[in-house]
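One structure is given below, encoded as structure tokens.
The values are calculated or read from the model by the stated rules, or taken from the named source; none is laboratory data. Source: prediction; values computed, not measured. Ideal geometry is used to build each Cβ from the backbone, glycine not excepted, and the neighbour counts take in all protein chains shown. These accessible areas exclude ligands, DNA and RNA; they are computed on the full protein's heavy atoms, side chains included. Shrake-Rupley method; radii C 1.70, N 1.55, O 1.52, S 1.80 Å.
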Amino acid sequence: MSALPERRALIVLIVVFAALLFVELPGSWLIGPDEARYAEVPREMLATRDFVTPRLDGAHYFEKPPLLYWVNAASMAAFGQTAFAARLPTRLAALGTAAVVLAELETPVLPGLGLWAALILLSAPLSWALGRYNITDGVLTLALTIAFFALRRFLAARERGERARAAAAVLGAAAAAAMLAKGLIGIVFPGLVFLLWLAITGRWRRLGEFFLSPAPIVFVLVAAPWFVLMERANPGFAHFFFVREHFERFATNEARRGGPIYYFVAAFIAGFLPWTVAFPRALVPLRDAWRTRAREHGDELYFALWFFVILVFFSLSHSKLLPYILPAFPAAAALTAYGILSNEARWTRGLLAHGVVVTLVAAGGIAYGVWSGEMRRYGVLVIALLGGAALVAGAWVAARRARAREGRRAFLPAAVGWAGFYLALAVAVPRLSGDLTAHDLAVAAMRSARGAVVVSYRCYPQEFPWVLRHPIAVADYVDELGSDGIRPAALFWSRDEFWRRWDSGERLVVVIKRRARAEFDTASAPATALASNRRYVVLANFVGPATASQR
């Protein structure tokens, strides 16, 4: 295959995966808790016109900085308060991250590097899935990617003896945006990579040049105002945010999100397929990459530091969630692209292993779905068969082409197979929404309320205030609502107050977890079931017709 057809194939596949980020069929509701939470906070910002203090269900919510809230609020103001509008900034961030990777790496020196890296980033399962999901890690990854490439430009310009004010200013602004997206890691990650790169290459004079550049000033000008305003409006915010949400989460099990030390290694291996088989090849030139070797492969060293700093940092943390690893994926994509382009070895073993793995997983998953009745329950058997067939067929065509010595082009059929699988997932999501999300239950509560108060008892399904377009009463439950202890008394009830109101004849519609159902069987006021899914039940203390199918 000549270079031009390969280039066209890469461009077509990049466009396909970019389009798949935005495929959303009717019924693809926001999934709780994260997606609904990160839509409800900006909805409340728009309702209160307060864009400084984040609120969730009317209570202060200080767990995250405001960048995602701001962009989501802007999207909803422009396109309406819909699930698609709430997800749009995250999807644009995923597309923007791939665009930055492509633009920064696609050069005449190594043509195709940027295209391959962008394709790898967009097609890897974890980055594609998280690129569609309304969470903070998408905008964080875009900001950090811009920061890392700006730092790369700064270092390259200084190596040539050129001034690098523009790159330094972009670095400061992007690091500030990353801090406004997720917190201190916006400066910790670029800072650690910078210091390690200096230590390995011995170019310590760059440290002084950095501090004399515009980067620190721009960072403070962009990042500081919101934190200052928040502390003035909510004294004690800084201690909560920086001590509890950073140091305590990293060093303790306070967040109850622990995991083994290899958690993110396993997440990367599975979430970076099919490119995982090529990633180690990119590290071969760096095995003994200290000073002399590092200078020969400075770019690969930089991306390796970017990847491993994030991987090791979160592996050591006591708080682990899958999305945390996402900012490492652009570096992994760049490294893998280097490995694919610089090594035209046969990829037979790797792609054969990929074929075996996806075949076993697809066949096992479909077999379990049929045996358990889940496929029939949701009506997705045909979709699953088509998606699995596309994935498996692409994997084995890739393995066959690798045996035919087609080199890196053998990966392209595997990417096509993953595209077919992602399309099947996007089509299947609305059929699963009854149990993936509490949206339908919230709609049932809204239709049945008619003047009644909607209450969540000993739980807080995040979809309810989003669907109802206003905060709901919460009984005998706090969790993360009201980070500083400030909660509207009218919305936050004690257990005794709830039961007094329930038995008084006041019309209430309540959402509970299924395990709490027994408490209502012994109440003096009878409970009428309105709707349910596998996790929640909606009840009323007045007689009314059921408005949603019970599961």
Please list Trp204, Trp499 from largest to smallest accessible area, probe radius 1.4 Å, with all protein chains kept in place. Trp204, Trp499
Any lysines whose Cα falls less than 27 Å from that of Lys182, other than same-chain ones fewer than 8 residues away, would be Lys64, Lys320
Per q in 0.13, 0.16, 0.19 Å⁻¹, report the Debye log10 I(q)/I(0) for the stretch 92-213, using one uniform scatterer on each alpha carbon and no solvent. -0.56, -0.83, -1.10
So for each of 430-442, 447-459 I average, over its residues, the number of other beta carbons within 10 Å; can you give me the resulting order with the highest mean first? 430-442, 447-459
Given the chain, what percent of its DSSP beta bridges are antiparallel, to the nearest 5? 55 percent
Arg132: accessible area at probe 1.4 Å, nearest 10 Å²? 30 Å²
With all protein chains modelled, accessible area of Ser75 [1.4 Å, Å²]: 10 Å²
Where Lys513, Lys64 fall by accessible area, highest first, once all protein chains stay in place (1.4 Å): Lys513, Lys64
Positive end of the dipole of the chain, charges at C-beta (+1 Lys, Arg; -1 Asp, Glu), about the Cα centre: which of Phe240, Gly191, Leu352 has its Cα farthest in that direction? Leu352
Sort Ile146, Ile486, Ile135 by accessible area with a 1.4 Å probe, largest first. Ile486, Ile146, Ile135
Suppose every Lys and Arg Cβ carries +1 and every Asp and Glu Cβ carries -1, with no other charges. What dipole size does the stretch 442-551 come out with about its Cα centre, to the nearest 20 debye? 480 debye
Looking only at Cα atoms, what is the convex hull volume of the stretch 407-467 per residue, in Å³? 109 Å³
Rounding to the nearest 20 debye, state how big the charge dipole of the chain is about its Cα centre with +1 on each Lys and Arg Cβ and -1 on each Asp and Glu Cβ. 1200 debye
Cα-based radius of gyration of the chain once divided by 2.2 N^0.38 Å, which approximates compact folds: 1.05
Tally Lys/Arg at +1 and Asp/Glu at -1 over every other residue whose Cβ is under 11 Å from the Cβ of Ala117; what's the total? -2
